[in-house]
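Participant: I have a structure I would like to understand better, so I am pasting it below and will then ask my questions one at a time.
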Amino acid sequence: MASHRYDEHHRDVTGGGVRAAVFGASDGLVSNVLLIVGLAGADASAPVVRAAGIAGLLAGAISMAAGEYVSVRAQNDLVTREVERERQALAEDPEEETEELAEVYIERGMDPEQAREMAELVMQNPDMALEVHAREELGVAPNELASPLSSAAWSFFAFAIGAVVPLIPWFASSSSGAVWFSVGAAVAGAAFIGASLALATGHSVLRGVARHVGIAIAAALAIYFVGGALGAVADL
C-alpha cells in the first residue's frame, strides 16, 4: 500500500499505551508522594516511610495494571459485541443499512444522490462496509482496538516509575529534610510529565507544567497537614 507523504507527521493515538503511561506515571507520582508526605507529617521514622513507599509502589502498580487490563478488555468485548451485531445487520438487511449510511453522508452535507451512490459503493465490499458502519454509527475502529496486555504493562511500569521518584530521597537520607527533597522530586517529576504531555498535544508547555505542578504541591501540602493532625491525635 502506498504511503501518504504526510503520514509520518501523525502519531499513533488509537492505542491505549500512551494514555495508560501518562495516567499511570501521574497517578504513581502523586499517590506515593502523598503517602510519603503524610507519614512524614505524622513523624514516622525513615524506615517506615521507605517500607510504606515501596509497598505503595507495588500495590499501586499492580492495582493500576489489573484495573487497566479489566477496563480495556471489557471495552474491547463491548465493541466486539456491537460490531458483530452490525455485521449481522449488514448481512440480514443490507438495504436498510445502505439507507442509514446514505443518511449519515447527507447529514454531513453531501447531495442525496451522491450520498446514495457513495453508500452503495461502500456496501459492495463487506469488510469496508463493516468498518465504515462501525466508525460512523458506533464511533469505533474494529481493527484498532487497544491491547489489554500492552495497556496493563504500560500502566504498571509507568506507575512504578512515577511512584519511585518521591521515594528516592529517603534512600539517600534519613533526616527530617528528606520530606522536602521528596516534594522537590515530585514537583520535578510533575513538571516533566506536564511538559511532555503539552509537547505531545501541541498545547502550552508553561500551562501544562503549571497545572501538574500545582496539583502535586496542593495535594502534598494538604496531606502533610492532615498527617500532622493525625500524628497529634495519636499522641493524645
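Participant: Looking at this structure, is Ala44 in contact with a helix residue (DSSP H, G or I) (Cβ under 7 Å, 6 or more places away or on another chain), surrounded by fewer than 21 Cβ atoms within 10 Å (Cβ to Cβ) and at pLDDT 80 or above? Spell out the reasoning first.
Facilitator: Details: in contact with a helix residue (DSSP H, G or I) (Cβ under 7 Å, 6 or more places away or on another chain): no; surrounded by fewer than 21 Cβ atoms within 10 Å (Cβ to Cβ): yes; at pLDDT 80 or above: yes.
No, not satisfied.
Participant: Looking at Ser147, Ser174 in this structure, which one is hydroxyl-bearing (Ser, Thr, Tyr) and under 30 Å from Leu90 (Cα atoms)?
Facilitator: Numbers: Ser174 fails: under 30 Å from Leu90 (Cα atoms).
Going through Ser147, Ser174 in turn, just one is hydroxyl-bearing (Ser, Thr, Tyr) and under 30 Å from Leu90 (Cα atoms): Ser147.
Participant: If you check Ser155, Ser174, Ser182, which single one turns out to be among the polar types (S, T, N, Q) and farther than 13 Å from Arg50 by Cα?
Facilitator: Exactly one residue qualifies, and that residue is Ser155.
Participant: Okay, next question. In the list Leu167, Leu90, Leu149, which residue meets the criterion of being buried (at least 20 other Cβ atoms within 10 Å of the Cβ) and assigned to a helix (DSSP H, G or I)? I'd like the intermediate steps shown before the answer.
Facilitator: Values: Leu90 fails: buried (at least 20 other Cβ atoms within 10 Å of the Cβ); Leu149 fails: buried (at least 20 other Cβ atoms within 10 Å of the Cβ).
Within the list Leu167, Leu90, Leu149, the selection yields Leu167.
Participant: Ok, one more. Quick test for you: out of Ala185, Ala190, pick the one residue that is under 17 Å from the mean Cα position of the chain (by Cα) and not basic (Lys, Arg). Please lay out each step first, then the result.
Facilitator: Details: Ala185 fails: under 17 Å from the mean Cα position of the chain (by Cα).
Testing whether each residue is under 17 Å from the mean Cα position of the chain (by Cα) and not basic (Lys, Arg) leaves just Ala190.
Participant: Just a yes or no: is a residue in region 56-76 over 30 Å from Val179 (Cβ atoms) and either touching a His at 6+ places or on another chain (Cβ under 8 Å) or among the hydroxyl-bearing types (Ser, Thr, Tyr) (or both)? Explain how you work it out, then say what you get.
Facilitator: The first filter runs over region 56-76 and keeps only residues over 30 Å from Val179 (Cβ atoms), leaving 66, 68-76.
Among the residues that remain, those that are also either touching a His at 6+ places or on another chain (Cβ under 8 Å) or among the hydroxyl-bearing types (Ser, Thr, Tyr) (or both) are: 69, 71.
Among the residues of region 56-76, at least one is over 30 Å from Val179 (Cβ atoms) and either touching a His at 6+ places or on another chain (Cβ under 8 Å) or among the hydroxyl-bearing types (Ser, Thr, Tyr) (or both), which makes the answer yes.
Participant: Then there is this: Right, Pro112: exposed (fewer than 13 other Cβ atoms within 10 Å of the Cβ) and free of Cβ contacts under 8 Å to residues at least 60 places away in the same chain or not?
Facilitator: Working: exposed (fewer than 13 other Cβ atoms within 10 Å of the Cβ): yes; free of Cβ contacts under 8 Å to residues at least 60 places away in the same chain: yes.
So Pro112 passes the test.
Participant: Here is a follow-up. So is Tyr69 surrounded by fewer than 21 Cβ atoms within 10 Å (Cβ to Cβ), over 15 Å from Leu167 (Cβ atoms), at pLDDT 85 or above and not small (Gly, Ala, Ser) or not?
Facilitator: Working: surrounded by fewer than 21 Cβ atoms within 10 Å (Cβ to Cβ): yes; over 15 Å from Leu167 (Cβ atoms): yes; at pLDDT 85 or above: yes; not small (Gly, Ala, Ser): yes.
In short, yes.
Participant: Pairs please, first residue from region 132-155 and at pLDDT below 85, second anywhere and of a type in the set (Ser, Thr, Tyr) and surrounded by fewer than 19 Cβ atoms within 10 Å (Cβ to Cβ), Cβ atoms under 7 Å, 6+ apart in sequence or on different chains.
Facilitator: Ala141/Thr14; Glu144/Thr14
Participant: Can you tell me which of (1) among the charged types (D, E, K, R); (2) under 34 Å from the mean Cα position of the chain (by Cα); (3) modelled with pLDDT under 90 is the one Glu97 doesn't meet?
Facilitator: (2)
Participant: If Thr201 satisfies every condition in (1) without any contact (Cβ under 8 Å) to a residue 12 or more places away in the chain; (2) of a type in the set (Val, Ile, Thr); (3) surrounded by 17 or more Cβ atoms within 10 Å (Cβ to Cβ) but one, which is the exception?
Facilitator: Failing condition for Thr201: (3).
Participant: Among the β-branched types (Val, Ile, Thr), closer than 27 Å to Ser196 by Cα, modelled with pLDDT of 85 or more and crowded, with 18+ Cβ neighbours inside 10 Å: which single residue out of Ile62, Ile36, Ile54 fits that description?
Facilitator: On the way: Ile62 fails: crowded, with 18+ Cβ neighbours inside 10 Å; Ile54 fails: crowded, with 18+ Cβ neighbours inside 10 Å.
Of the residues listed, the single one that is among the β-branched types (Val, Ile, Thr), closer than 27 Å to Ser196 by Cα, modelled with pLDDT of 85 or more and crowded, with 18+ Cβ neighbours inside 10 Å is Ile36.
Participant: Right, another one. Using beta carbons and a limit of 6 Å, which pairs, at least six apart or on different chains, have the first residue in region 35-64 and within 13 Å of Ser175 (Cα to Cα) and acidic (Asp, Glu) and the second one surrounded by fewer than 17 Cβ atoms within 10 Å (Cβ to Cβ) and modelled with pLDDT under 90?
Facilitator: Close Cβ pairs (under 6 Å, with a partner that is surrounded by fewer than 17 Cβ atoms within 10 Å (Cβ to Cβ) and modelled with pLDDT under 90) amount to Asp43/Gly231.
Participant: What's the total number of residues in region 204-218 that are surrounded by fewer than 16 Cβ atoms within 10 Å (Cβ to Cβ) and assigned to a helix (DSSP H, G or I)?
Facilitator: The initial filter retains those residues of region 204-218 that are surrounded by fewer than 16 Cβ atoms within 10 Å (Cβ to Cβ), namely 204-207, 210, 214-215, 217-218.
Keeping just the survivors that are assigned to a helix (DSSP H, G or I) gives 205-207, 210, 214-215, 217-218.
Summing the residues that are surrounded by fewer than 16 Cβ atoms within 10 Å (Cβ to Cβ) and assigned to a helix (DSSP H, G or I) in region 204-218 gives 8.
Participant: State which residue pairs qualify: first residue surrounded by 15 or more Cβ atoms within 10 Å (Cβ to Cβ) and inside region 171-195, second residue assigned to a helix (DSSP H, G or I) and among the aromatic types (Phe, Trp, Tyr) in any location, beta carbons under 9 Å apart, and separation of 6 or more residues or different chains.
Facilitator: From region 171-195, the pairs are Ala178/Trp170; Val179/Trp170; Val179/Tyr224; Phe181/Trp170; Ser182/Trp170; Val183/Tyr224.
The values are calculated or read from the model by the stated rules, or taken from the named source; none is laboratory data. All values derive from a computational prediction rather than experimental measurement. Because the Cβ atoms are built from the backbone with ideal geometry, glycine has one as well, and the counts that use them run over all protein chains shown.
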